[in-house]
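Beneath this line is the structure, given in structure tokens, with notes to follow.
The values are calculated or read from the model by the stated rules, or taken from the named source; none is laboratory data. Because the structure is predicted, anything quoted here is derived from the model rather than measured. All Cβ positions, glycine included, derive from the backbone under ideal geometry; neighbour counts span all protein chains shown. Remember, those area values only see protein heavy atoms, side chains included, never the ligands or the DNA or RNA. Shrake-Rupley method; radii C 1.70, N 1.55, O 1.52, S 1.80 Å.
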Amino acid sequence: MRSHAKRLPSRPVILLLQLGVLIAFFLIWHLLTDTKILSPFFFGTPGAVLARTWADFASGVIWYHLGITLLETALAFIIGTVAGIAFGFWFARAPLVSVVFDPYIKAVNALPRVVLAPIFALWLGLGIWSKVALGVTLVFFIVFFNVYQGVKEVSPVVLANARMLGASSRDLFRHVYLPSALSWVFSSLHTAVGFAMVGAVVGEYLGSAAGLGYRIHQAEGVFDTVGVFSGMLVLTIFVVLIDAAVTMIEKRLLHWRPQDTGGGQH
Amino acid sequence: MAEAAAAAPALQLEGVTCTFPSPDGRGRSYTAVQGASFTVADGEFVSIVGPTGSGKSTMLNVAAGLLKPSEGRALSFGQPVTGINPKAGYMFQAEALMPWKSALDNVAAGLEFRGVSKAEARERALPWLSRVGLEGFGDRFPHQLSGGMRKRVALAQTLIVDPKIILMDEPFSALDVQTRQMMENELLDLWAADRKSVVFITHDLEEAIAMSDRVLVLSAGPGSRLIGEYRIDLDRPRDVAEIRMTPQFLALHQEIWAQLRDEVLKGYAQTKLR
Ligand SMILES: Nc1ncnc2c1ncn2[C@@H]1O[C@H](COP(=O)(O)OP(=O)(O)OP(=O)(O)O)[C@@H](O)[C@H]1O
Ligand SMILES: [Mg+2]
């Protein structure tokens, strides 16, 4: 009988279940490595990974690397977003430009960005800027396409109405195009922030002297499985935290939108 | 000079023809309106009725300066309409509110575009909200309002900038009968107070007669033209609910409906054919 019920349990129950999955994961991992079904050398053990992570934070070594990665992420995100918005607007408002550049934009976007990492390292050195550049190439296109879409998708009636009400082209930008484009940008914010971080970590992984990607690479070099997993754990925790922050910002800025898409939380 | 401008009609369409290219770029183009000519005097309330698809919205777009006619021209207060008609306010048939602005900010938008500070624009928008019966709804966003409420916000938004001629495209068709009559009377009061010119489009012949000085009848498309013009000499001020009971009203209704009915049937048949 109950199986027909479509209602989900309440939020605390769901949180509890989610927590249960996490604990179960660590428990199974622990059991499998403890009984040597999986080799602790290749798979680490949850106890060791947690202990290592804790030690890294306690001794403070991780903060420096985390700071570097976050700085690269933030710079890639900001530069990529600003450039994406500027070019998105330009292309959307200048049809000739958009038509001429269309195939090139598509080609560059289709290129796997990882192959650029060595080139950026060559041009910009092994410091943070080669990582920022890699992140920018990822973030830029997401924001660019969304802004372009946002400007193009403005309802012609809303536009005509604003013009009838006396809006100048500056007013149209501020009161119509920008809000519409920003709503598209914000809906892609999660992806953009995620990609900024991917750019930073992959860049560090492929060549640098600091950052979380560098630490994971170092650990791999000496077959330190626990170190690799510990690095991944730290990365995951911060991605989740950043994502939560983005959700909060999004809710504040997009409160005018109908909340019909999933989620359902207020 | 000034006198000539004052005497010029609020709106004058001269042989306006609107042809749209067919959607696929080839094939036959579609002529929505063919040689439409009419004038709306300063301070006059004119309704246009016609079957669906007969080009009513198209003519209004020409009057607003949003659409360049393929032939003919529009004049507003003696000035040829090229680009947006600055003397006109336009209440659109479709949803036209800015979804990212609250009801209050939507109403205030026109003032802001005219350089009024945001704070002052909001202050001046408040009484307009209560005038359309939406006191206390100012901080709602369009998606949080009902369809009828959105129409009322749009009405306040159009009127707050004090246009000399108001173009209204089926403004009240989304409202229930009571609210509708309330809004119709409110519009008549506003109109009587400062005698703006109004071009009012509606499907509803009764509404057209109750509100207007003159009713124009448009034939079914394609190539629709004005086929009838009726002067409505009912006394003012009017109450839109009461006036429907008077014998003059019924006589006018019968006369115009006789002509309109045939066009509506033709228009319906043509829409099905296309
Ligand atoms: N941009 C356009 N491109 C092509 N055809 C159009 C365009 N705008 C309008 N039409 C056509 O012109 C005709 C008149 O359209 P219009 O919107 O003016 O009708 P209407 O009288 O306002 O109808 P309704 O009462 O249903 O609102 C229709 O047949 C429509 O398909
Ligand atoms: Mg229409």
Before we move on, is B:R131 within 21 Å of B:F172 (Cβ to Cβ), away from every other protein chain (no Cβ under 11 Å) and open to solvent by 60 Å² or more (accessible area, probe 1.4 Å)?
yes
Could you check the range B:208-242 and list, in sequence order, the residues that are assigned to a loop (DSSP other than H, G, I, E, B) and either within 19 Å of B:A269 (Cα to Cα) or open to solvent by 50 Å² or more (accessible area, probe 1.4 Å) (or both)?
B:S219, B:A220, B:G221, B:P222, B:G223, B:R225, B:D233, B:D235, B:R236, B:P237, B:D239
Subset of the range A:147-167 (residues that are assigned to a loop (DSSP other than H, G, I, E, B), more than 7 Å from every other protein chain (Cβ to nearest Cβ) and either open to solvent by 20 Å² or more (accessible area, probe 1.4 Å) or closer than 14 Å to B:G89 by Cα (or both)):
A:E153, A:S155
When (1) buried (at least 24 other Cβ atoms within 10 Å of the Cβ); (2) away from ligand 2 (no atom under 16 Å from the Cβ); (3) β-branched (V, I, T) are applied to B:I48, the one that fails is (2)
From the option list B:R150, B:R140, single residue qualifying as assigned to a loop (DSSP other than H, G, I, E, B), farther than 23 Å from B:L234 by Cα and either open to solvent by 40 Å² or more (accessible area, probe 1.4 Å) or at pLDDT below 90 (or both) is B:R140
Might you check whether a residue that is over 30 Å from A:H65 (Cβ atoms), within 12 Å of chain B (Cβ to nearest Cβ), in contact with an Asp or Glu (Cβ under 8 Å, 6 or more places away or on another chain) and at pLDDT 90 or above occurs anywhere in the range A:176-183?
no
Hey, B:E95 surrounded by fewer than 18 Cβ atoms within 10 Å (Cβ to Cβ) and within 16 Å of ligand 2 (Cβ to nearest atom) or not:
yes
Restricting attention to the range B:72-89, which residues are open to solvent by 20 Å² or more (accessible area, probe 1.4 Å) and either within 15 Å of ligand 1 (Cβ to nearest atom) or of a type in the set (S, T, Y) (or both)?
B:T82
Filter the range A:181-207 for residues that are surrounded by 23 or more Cβ atoms within 10 Å (Cβ to Cβ) and over 21 Å from A:D243 (Cβ atoms) and give the result.
A:A181
